Amino acid sequence: MNVKRLNGEEEDVTENGADEPWRIPIDRSQAPSREPGPIDLRRTFLQAAYTGIPTFMGTPICLEPEDLRAGGVDVAVFGVPLDSSSGHRGAAYGPRAMRSDERYLFNTPELMVSASTRVSPFTSLKVVDYGDAPIDIFSVEKSLPSIASTVREVAGAGAIPVILGGDHSLMIASVGALAEMYGPDKVGVVHFDAHPDCHEHIFGHRITHGTPIWRLIEESRIPGKNFVQVGLRTPTGPDDQLFNWMRRQGLRTHFMVEIERRGFTAVLDQVIEEILDGPEFVYLSLDIDVLDPAYAPGTGTPEPGGLTPRELFPAFRRICAETNVIGIDVVEVAPHLDPGYTTTMNARRAIFEGLTGLAMRKAGMTSADYVNPIASGQLKFPLT
């Protein structure tokens, strides 16, 4: 079946002779004509977070790549509501929850300022919501090409894709697409997770939320030495065989026991040094279960003894400021397991800190661990 997109081009949405209705775009041929560009859905400048049509932190929306280009968009946030590769379902609802966290009173991006740096990311960057990637809710295998296509649309328009998961299988598509665009040896991945995600298969299935790194390496999309992992601590893996495979592939992995012994700041300094050792571009992947369950109960595979938000947030900000980040994902948020909205709030704040880091880099504020000297107590002025 051929269908027309907004730009008039036809797309074949037929595969193996069977129509896939989840891939058919909306026919906008009868819609009023408009100039390409972002669309602000707010009726008023200041509105409560629980009102209006939810977009990520109240940002405008874009529907097509032409909108991204016309708007000079720096960052496009889009969802991947997929959890069919996870044994614990629920992460498919993560994108909608992260878009509009009702625990915040207001959702006005222009008023948001980083308390640590005094940088306002939404006034320095043009950030939009790009909707959701089309996915087949019954098949992660069929969904991966669509996810990759959405990543290419965003990156091809000159914007940084920020992906709201969904489960971690999406990284097969997102990192794979960026590696094809920039070159496999040029892309590095900083992977925050309680689990290695390096398994060859889970219960015989090779495409799952526990196998993306194995697939990316074995399919020669990203070399193992370009992965830097932070926060691993699960007692169910890696076993000795997988542990040795990770070492042979050259993965640079920082387990929680190392963080406990050396301190997080020392480990983070090494992480940034390692990810700059070779790759020109960085993809930042956050499985929310890297946080201790005290801060992120709303995830399918919680592991006690994890990072705190006070460790994660500066790490996200620093990596985005001090390295050349070309993509971000935040995955495995399962809102139905999040009774106090804690997980959703921390996931959104991690993205906010990442956006702050991107804004700092755009402004040339790339020195290591920059914070505002007054807010941090380094510089005090007498009150007058």
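Any read-out appearing in this document is the output of simple, stated calculations on the displayed coordinates, not a laboratory observation. Fair warning: this is a prediction, and the values are worked out from it, not measured in the lab. Here Cβ is always computed from backbone atoms with ideal geometry, including for glycine, and neighbour counts include all displayed protein chains.
So which residues in the range 251-261 are over 17 Å from Gly188 (Cα atoms) and surrounded by 14 or more Cβ atoms within 10 Å (Cβ to Cβ)?
Within the range 251-261, Phe255, Met256, Glu258, Ile259 qualify.
Give the residue, chosen from Arg233, Arg248, that is more than 20 Å from the chain's Cα centre (by Cα), crowded, with 20+ Cβ neighbours inside 10 Å and not aliphatic (A, V, I, L, M).
Among Arg233, Arg248, only Arg233 is more than 20 Å from the chain's Cα centre (by Cα), crowded, with 20+ Cβ neighbours inside 10 Å and not aliphatic (A, V, I, L, M).
Would you confirm, using the coordinates I've provided, whether Ile319 is crowded, with 19+ Cβ neighbours inside 10 Å, out of contact with any helix residue (DSSP H, G or I) (no Cβ under 6 Å at 6 or more places or on another chain), among the aliphatic types (A, V, I, L, M) and not in a loop (DSSP other than H, G, I, E, B)?
yes
Could you give every pair whose Cβ atoms fall below 6 Å, whose first residue belongs to the range 297-320 and is farther than 17 Å from Gly354 by Cα, and whose second residue is polar (S, T, N, Q), counting only separations of at least 6 or pairs across chains?
Once the first residue is farther than 17 Å from Gly354 by Cα and sits in the range 297-320, its partners that are polar (S, T, N, Q) give Gly298/Thr343; Gly300/Ser86; Glu303/Thr234.
Condition (residue is more than 16 Å from the chain's Cα centre (by Cα) and under 20 Å from Ile275 (Cα atoms)) applied to the range 198-212: is it met by at least one residue?
yes
Tell me, yes or no, whether the range 121-129 has at least one residue that is under 27 Å from Lys362 (Cα atoms), out of contact with any helix residue (DSSP H, G or I) (no Cβ under 6 Å at 6 or more places or on another chain) and free of Cβ contacts under 8 Å to residues at least 12 places away in the same chain.
Among the residues of the range 121-129, not one is under 27 Å from Lys362 (Cα atoms), out of contact with any helix residue (DSSP H, G or I) (no Cβ under 6 Å at 6 or more places or on another chain) and free of Cβ contacts under 8 Å to residues at least 12 places away in the same chain, which makes the answer no.
Residues to consider are Phe138, Phe106; find the one that is among the aromatic types (Phe, Trp, Tyr) and either crowded, with 21+ Cβ neighbours inside 10 Å or under 29 Å from Thr208 (Cα atoms) (or both).
None of the others qualify; the one that does is Phe138.
Only one of Ile160, Ile135 is among the β-branched types (Val, Ile, Thr) and in contact with a strand residue (DSSP E or B) (Cβ under 6 Å, 6 or more places away or on another chain); which?
Just one listed residue meets the conditions, Ile160.
Of all residues being of a type in the set (A, V, I, L, M) and not in a helix (DSSP H, G or I) in the range 258-299, which is farthest from His88 (Cα to Cα)? Just the residue, please.
Here the residue is Leu276.
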